[in-house]
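The values are calculated or read from the model by the stated rules, or taken from the named source; none is laboratory data. This one's a predicted model, so the numbers in the text were calculated from it and none came from an experiment. Cβ placement follows ideal geometry from the backbone for every residue including glycine, while neighbour counts extend to all protein chains displayed.
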Amino acid sequence: MTVIVVDPTADELAGPGCCPTSGVVLGAHEGYGQSTASSEPAPPLPTADPSAYVNVSEDGGRSLHLMVENLHCAACIRKIETGLMALEDITAARVNMSTRRLRVSWRGEQMDGLQIMRCVAALGYPVAPFDPETLKHLDDVENRRLLAALAVAGFAAANVMLLSVAVWAGAFSHMGEATRGLFHWVSALIALPAVAYAGQPFFRSAIRALGVRQLNMDVPISLAVVLAACMSLYQTVQGGEHAYFDASVTLLFFLLVGRYLDNRARARARSTAEHLLALNSQAATVLDKDGSERALPINQLRPGMTVLVAVGERISADGLVSRGRSLIDSSLVTGESMPASISEGARVYAGTINIDAPLQIMVEAAAEDTLLAEIVRLVEAAEQGRAKYVRLAEKAARIYAPVVHILAALTFVGWLIVAGTGWEPAAMAAIAVLIITCPCALGLAVPAVQVVASGMLLQKGVLVKSPDGLERIAQCDYVVFDKTGTLTRGQPQLLNPEMLDQRQKAVAVALARNSRHPLSRALVADAGEVDVIDVQSVSEQAGRGLSALVAGRRVMLGSRALCGVAQAVSPAEIDDATLELWLSEEGAEPACLRFSDVVRPDGELVLSSLRNLGMKFELLSGDRERAVGATAKALGIDVWRSGCLPDEKVCRLHELEEAGHRVLMVGDGLNDAPALASGFASISPVSAPDISQTAADLVFQGDSLKPVLSAIRIARGANRLVKQNFAMAVTYNLIAVPLAIIGLATPLVAAVAMSSSSVLVTLNALRLRLVGRA
Amino acid sequence: MEVLIILIPVALFLGGLGLCAFLWALRSGQFEDLDGAAMRILNEDDGATDNAEK
């Protein structure tokens, strides 16, 4: 027997193999100097004051609800909860793993919300406050109500079925009429309240649809259930032979299972979207006239304010640089992979990242012609166009509902007039038609497939944001990629580690550890194992580099100018897609390190697998021609365009659409957001700015491109199964409906046919797990 | 067959008991965090945070 031993005293419970956050967690613990060892930067400490979200109860207790990112395993729960409980005054801290939310309660004035948020963030988990009242959606209430209805329907179905089986058996073994009557009465006693309670979700929806003079799936369902219950009651009172109590409650039970799954998937998709939004929202630090600093939410920034942007922070508004010079990474905005240097008076855009030195920015009027406003306008226009998509299940329901009603009505009229019977057998036959045609394939199998598919994707690091996203992805035949940050990692990587010997590497890494510059980070990450070397009197000059004393000798790591290398000395490989960093030691030749944005590790593999799936690709980038061309060539993409503006990307997507393609857009930049919104379906990495993530249907995590492939595979598998289920449902109806019309569908036949078809489609839906494993 | 008069109510009562237990569990929030419950079992000292429910 294997016993998992968890040592409660070990602080670093999240060992490297256990939890993907461990690198970040370690980094946050041991200070900045070590955190460069992980590829992800430590989360920025929250600056916005969450006081508005703190809930004060009558007895002086306070509580705060937070959304937490990076939760992965048991150690994460424990780390956060024990970390908070260790603080004074905290009375309770509880993580909800399913919703990735945290509730903290405390007493007293000393502790405030900001301290708590900082504590959790310092443990390596980005947090954002939220108001549980506004987020407690109707979904939550609805979900609980459905689960309760499901329980009641399940209880009733099981018990009524027990009695019905006895009645059916009794038909062969001469059950007395009195006993049968008793069984029917008991069934009625159970079924009628159950139908009245558990049927409500369907009745409400049916009434709503009829109110606007439309038919939906719930109208025939409600009719079938209510009519069957009423007719059976009439039969019971008359002492008749046939009662459909079992059919009406089992029908409710099966459909409620589907409804519950569907509702849960929707709620989860919505909470994913909210979660991403809340965590991305950040505050800006405003410098007032009197020199004091305060945090303001971004939407409260006004023209003329001065904003401080620290190193590594995202610039929060369009504006002019009023003080400082730095490098700006605008890869998320324009797709440009190389940082650009800026100085006083230069214009900077919201969404770009300040990578080199602190800046002061004077906010400009949020005019309609700013880049961001333009992108927001394009996204909105594109989203309006997309609202037209109708889900497969809804399409089927639109045909299904009228057909069922017409069939049932025809059956009733046919029996009454053609066969000349009384209204009773006619009504029984019509009800049998309604019950037999129960839309279990629509109501149960489709949600089951969806739930299995999004669960599998979640395991692979893909979050499904829009409920119909998977269905749309399955139909795509053309993939358009963005370059920077999508096909490539969006971060520089060391190209020539062999340039330095082991000792030089150790020196360079020791220096680089003291800087947050992206090249320094890349150097530390890519240099591999090195000895630890003691460096003294390290100083960093913004925009130039680092210098320090190592064993009494002056060492410099930085730009060409800092190291005193003449412009003429240039290795042949340097082009405009490469960044350089020089290492110069006193009394030795300076060495040149080259960095470039490289393709994600499994890019080639994923593209060739996609090609095998019959997909075509194209590369649309805002970057310069040379860099885009090199990437396209490395990955074997034939069609590519460089220097695309956001609306040019959208135009290209429309062209493809008109050529009959269904386009899957994969991109991460702000400049991709309009394209993400106008593609037939879209995927974006979690590193993208919030507006792009909002526009995308799916969001994937991690360094690899494989999630895109998994998403397409699983979506296609899911779609195939849904169609199979429809085919099965149609076949079953073709056999069973004629039986019902000619009146051969006794309660026994109806119950067996309906239950077996429901179980069959559900089992088929679960087969998706096999597809995904392959 | 008279035994049915007893058996049916007994069966219904027992089933109803299960139903009530489920509805109680649902109402008291036992189904709020299914994933977390599966993971908490690995933590030995979870008593420390159990006072979270009020």
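Mind checking which residues of segment A:52-90 are touching a strand residue (DSSP E or B) at 6+ places or on another chain (Cβ under 6 Å), part of a loop (DSSP other than H, G, I, E, B) and closer than 14 Å to A:PRO129 by Cβ?
Within segment A:52-90, A:VAL54 is the sole residue that qualifies.
Which members of segment A:607-654 meet the condition of being among the β-branched types (Val, Ile, Thr) and free of Cβ contacts under 8 Å to residues at least 60 places away in the same chain?
If the condition is that a residue be among the β-branched types (Val, Ile, Thr) and free of Cβ contacts under 8 Å to residues at least 60 places away in the same chain, then A:VAL639 is the only one that fits.
Can you list residue pairs whose Cβ atoms sit under 9 Å apart, with the first residue in segment B:25-44 being facing chain A (nearest Cβ under 7 Å) and the second being of a type in the set (Asp, Glu) and surrounded by 13 or more Cβ atoms within 10 Å (Cβ to Cβ)? Count only pairs 6 or more apart in sequence or on different chains.
Between residues of segment B:25-44 that are facing chain A (nearest Cβ under 7 Å) and residues that are of a type in the set (Asp, Glu) and surrounded by 13 or more Cβ atoms within 10 Å (Cβ to Cβ), the close pairs are B:ARG40/B:ASP33; B:ARG40/B:ASP46; B:ASN43/A:GLU81.
It is to be established whether one or more residues within segment A:166-173 are small (Gly, Ala, Ser) and under 31 Å from the mean Cα position of the chain (by Cα).
Within segment A:166-173, none of the residues are small (Gly, Ala, Ser) and under 31 Å from the mean Cα position of the chain (by Cα).
Among A:ALA729, A:ALA751, which is buried (at least 20 other Cβ atoms within 10 Å of the Cβ) and in contact with an Asp or Glu (Cβ under 6 Å, 6 or more places away or on another chain)?
The conditions single out A:ALA751.
Would it be correct to say that A:GLY669 is surrounded by fewer than 21 Cβ atoms within 10 Å (Cβ to Cβ) and small (Gly, Ala, Ser)?
Spelling it out, it is not the case that A:GLY669 is surrounded by fewer than 21 Cβ atoms within 10 Å (Cβ to Cβ) and small (Gly, Ala, Ser).
Give the residue, chosen from A:HIS654, A:HIS661, that is farther than 30 Å from A:MET556 by Cβ and assigned to a loop (DSSP other than H, G, I, E, B).
None of the other options fit; the residue is A:HIS661.
Any idea which of (1) in the same structural domain as A:GLY667 (by TED's automatic domain parsing); (2) at pLDDT below 80; (3) in a helix (DSSP H, G or I) is the one A:PRO467 doesn't satisfy?
(3)
If you scan segment A:70-85, which residues turn out to be touching a residue at least 40 places away in the same chain (Cβ under 8 Å) and surrounded by fewer than 20 Cβ atoms within 10 Å (Cβ to Cβ)?
Passing the criteria: A:HIS72, A:CYS73, A:GLY83.
Got a number for residues in segment B:1-24 being facing chain A (nearest Cβ under 7 Å) and farther than 30 Å from A:SER173 by Cβ?
Qualifying residue count for the region: 3.
From A:SER173, A:SER222, A:SER187, A:SER232, grab the single residue that is within 14 Å of chain B (Cβ to nearest Cβ) and surrounded by 19 or more Cβ atoms within 10 Å (Cβ to Cβ).
Testing whether each residue is within 14 Å of chain B (Cβ to nearest Cβ) and surrounded by 19 or more Cβ atoms within 10 Å (Cβ to Cβ) leaves just A:SER187.
Within segment A:86-100, can one find any residue that is at the interface with another protein chain (Cβ under 10 Å from one of its Cβ atoms) and touching a residue at least 40 places away in the same chain (Cβ under 8 Å)?
Scanning segment A:86-100 turns up at least one residue that is at the interface with another protein chain (Cβ under 10 Å from one of its Cβ atoms) and touching a residue at least 40 places away in the same chain (Cβ under 8 Å).
Whether any residue in segment A:154-162 is surrounded by fewer than 22 Cβ atoms within 10 Å (Cβ to Cβ) and touching a residue at least 40 places away in the same chain (Cβ under 8 Å) is what I want to check.
The answer is yes; a qualifying residue exists.
Determine whether A:LEU147 is modelled with pLDDT of 85 or more, closer than 29 Å to A:HIS72 by Cβ and not polar (S, T, N, Q).
Yes; evaluated as a whole, the condition is true for this residue.
Taking segment A:545-566, which residues are of a type outside the set (A, V, I, L, M, F, W, C) and within 9 Å of A:SER584 (Cα to Cα)?
A:ARG554, A:GLY558, A:GLY564
Against the condition within 20 Å of A:LEU705 (Cβ to Cβ) and crowded, with 21+ Cβ neighbours inside 10 Å, how does A:ASP477 come out, does it pass?
no
Of the residues in segment A:690-705, how many are farther than 11 Å from A:ASP668 by Cβ and either among the charged types (D, E, K, R) or in a loop (DSSP other than H, G, I, E, B) (or both)?
Going through segment A:690-705 one residue at a time, the tally reaches 7.
Looking at segment A:743-772, which of its residues are in a loop (DSSP other than H, G, I, E, B) and free of Cβ contacts under 8 Å to residues at least 12 places away in the same chain?
Correct list: A:LEU744 only.
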